[in-house]
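Undergrad: Please find one structure pasted underneath; my questions will follow.
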Amino acid sequence: MLRHATFSQCPSSNPWREPTVSHSVSQPLISRRADRLSGSITVPGDKSISHRALMFGAVAVGTTHISGLLEAGDVLNTAKAMQALGAKVEHLGPGRWNVTGVGLGGFSQPQGDLDFGNSGTGARLAMGLLASSAIHARFVGDASLQSRPMGRVTKPLEQMGVRFEASEGNRLPLVLHGAENAVPITYELPMPSAQVKSAVLIAGLNAPGVTTVIEPVPTRDHTERMLTAFGAKIDVKTEKGRRIIAVTGENELKATEISVPADPSSAAFPIVAALISQGSDITITNVMLNPTRTGLITTLIEMGGDIQILNERPAGGETVGDLRVRSSKLKAVTVPAERAPSMIDEYPILAVAASCAQGVTRMQGLEELRVKESDRLAAVEHGLHVNGVQTTSGPDWLEVTGGPAKGGGFVPTHLDHRIAMSFLVLGLVSAHPVTVDDGSVIATSFPIFLSLMNGLGAAITPAGEIK
Ligand code: S3P
């Protein structure tokens, strides 16, 4: 496979000016059995919040100060796109960035393609952000992103006056032609997607009047929260279980300070690793506990997982806490479909936890997993099978039969960071080591995954190298 994310965290080297996706050979990794994980770690900043901080800063008036930004491939591509569109993006030190915005509708014509690498969030939210600038821009990405559906975003944005020339099947590469006079709309989400919700709301920021999104099933609410912090007029109400979010357009955003908490979707990997490996006791600090993101923690506690939430406190418009996680005897559960949006990125690692639980765990409402960085339902099932775990599945559900994994399998990751990390966690408890075909994809979201996990006592190394 041909991709590798590279960047440096050194403040003086302007890491984001370097290509964050360059072509190189794939990097197979192997994970061996390792009990007794211990120690305290902080995982990197939340990816969803990091993208939004850069994007909203880029269209605000004034300079937004960001700390704790996730410096990983996906987010650095968003930083470069904002710079290419005329915002001033400065890297001050590890996690610390300043973004000086151009005002709503103020983007200038980019000189080259906007490359979003592996990131659906980067590409889809940027389509909403560019909607009302009188420019055209070509959106490109890696093979995974090029295979993902964009019609879910282009369709409502077309109703607002944006024009698109997309590749077959409404995919990338595509050219966006911004609408000089964007039209506000009311849009009911056809699928539970925070990306679609966000793209429409962001486009509405510069449309005259009120743009409304109706969510039959609530999804992560970082856009609503952060836009409010930037001074946008956002009104949220719930009617008959449906969330109705309205943004009043043509109000300039005002630059602000954003402190990015640790990403619960990254914390998910050490959490499950500690639960399933014997004698473990770890703490993960400063984890964001927004209720639209904590479905995995709820599920693992239902399964009997020993997860203590300590020191819960408000931080920058979100709640954060420290998680103490100790190894536990897990039992199978049925995860309700309505919980899916609050743990949509966590099913691969939940499936690994389920493979160590007693009984058959059933997960349902998984149709969106088919259109993530890979077809995650298929990728998870295949990875479990080659490691001796029994599964059954349907179009939108998966059952995993617990029992000690044999391991010994070679797992194709399909350019999907969460598939790579999930199966490396499985290797920690398998009788035989588990190999993933390409660990370089992990750098899109969690570049220090290996060093953090090995620091806790895991044994994950490049395949062929014995620790
Ligand atoms: C995200 C929303 C989710 C999630 C993705 C990040 C966001 O995607 O899978 O990793 O930041 O809005 P969908 O909105 O497509 O479900």
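Undergrad: Ratio to report: Rg/Rh of segment 22-126, with Cα atoms as the point set and Rh obtained by the Kirkwood method; give two decimals.
TA: Result: Rg/Rh = 1.09.
Undergrad: Mind giving me the FRET efficiency for D113 and E257? R0 is 30 Å, r the Cβ-Cβ distance, nearest 0.05 is fine.
TA: Rounded to the nearest 0.05, the efficiency is 0.40.
Undergrad: Moving on to the next point. Treat each spin label as a single point 7 Å out from the Cα along the C-beta direction, and report the N98 to R362 distance in nm.
TA: 5.7
Undergrad: Next question. Could you size up the charge dipole of segment 47-259 around its Cα centre, putting +1 on the beta carbon of Lys and Arg and -1 on that of Asp and Glu, and report it in debye to the nearest 20?
TA: Value, rounded to 20: 380 debye.
Undergrad: A follow-up question, please. What net charge do the residues around R293 carry, taking every other residue with its C-beta under 13 Å from that of R293, with Lys and Arg at +1 and Asp and Glu at -1?
TA: Neighbour charge sum, excluding R293 itself: -2.
Undergrad: If Lys and Arg each add +1 and Asp and Glu each add -1, what is the summed charge of the other residues whose beta carbon sits under 14 Å from the beta carbon of A182?
TA: Within the 14 Å Cβ shell, the charges total -2.
Undergrad: Also, quick follow-up: Which links in K155/K233; K331/K406; K47/K88; K80/K237 stretch past 29 Å when you go from one Cα to the other?
TA: Flagged as over cut-off: K80/K237.
Undergrad: Also, I was wondering about something else. Considering only C-alpha atoms, what is the centroid distance from segment 279-345 to segment 243-262, in Å?
TA: 26
Undergrad: For the chain, taking Cα atoms only, what is the radius of gyration to one decimal and the Dmax to the nearest whole Å?
TA: Computed over the Cα atoms of the chain, radius of gyration and Dmax are 21.2, 62 Å.
Undergrad: Positive end of the charge dipole of the chain (Lys, Arg +1 and Asp, Glu -1 on Cβ, about the Cα centre): tell me which of V371, G209, N311 has its Cα farthest that way.
TA: After comparing all options, I get N311.
Undergrad: Can you compute log10 of I(q)/I(0) for segment 47-259 with the Debye formula, treating each Cα as one identical point scatterer, at q = 0.07, 0.13, 0.14, 0.18 Å⁻¹?
TA: Result of the Debye calculation: -0.17, -0.64, -0.75, -1.31.
Undergrad: Fully extended, how many nm does the chain gain between Q390 and Q308 (0.36 nm per residue separation, minus their Cα-Cα distance)?
TA: 26.5 nm
Undergrad: Given the chain, what percent of its DSSP beta bridges are antiparallel, to the nearest 5?
TA: 75
Undergrad: Continuing with this model, one more query. Take every DSSP beta bridge with both residues inside segment 47-259 and express the antiparallel ones as a percent of the total, to the nearest 5.
TA: So the antiparallel bridges amount to about 75 percent of the total.
Undergrad: Follow-up question, since we're still on this one. What does the charge count near G365 come to, summing +1 for each Lys or Arg and -1 for each Asp or Glu among other residues with Cβ under 10 Å from its Cβ?
TA: Residues near G365 contribute -3 overall.
Undergrad: Quick check on the chain: helices-only [θ] at 222 nm, where DSSP H runs of length 4 and up contribute -39,500 (n - 2.57) each and the sum goes over total residues. Nearest 500, please.
TA: That comes out to -8000 deg cm²/dmol.
Undergrad: Measure out, as a whole number of angstrom, how far apart the alpha-carbon centroids of segment 28-54 and segment 126-193 sit.
TA: Segment 28-54 and segment 126-193 have Cα centres spaced 31 Å from each other.
Undergrad: Okay, moving on. What FRET efficiency comes out for D375 versus V61 if R0 is 45 angstrom and r is the Cβ-Cβ distance? Round to the nearest 0.05.
TA: Using R0 = 45 Å, I get an efficiency of 0.60.
Undergrad: How about segment 85-179: which chymotrypsin sites (Phe, Trp or Tyr not before Pro) there are in a DSSP loop, with at most 12 other Cβ atoms within 10 Å of their Cβ?
TA: none
Each value in this text was obtained by applying a stated rule to the coordinates, not by laboratory testing. These numbers were taken from a predicted model, which means no experiment stands behind them. Backbone-built Cβ (ideal geometry, glycine too); neighbour counts: all protein chains shown.
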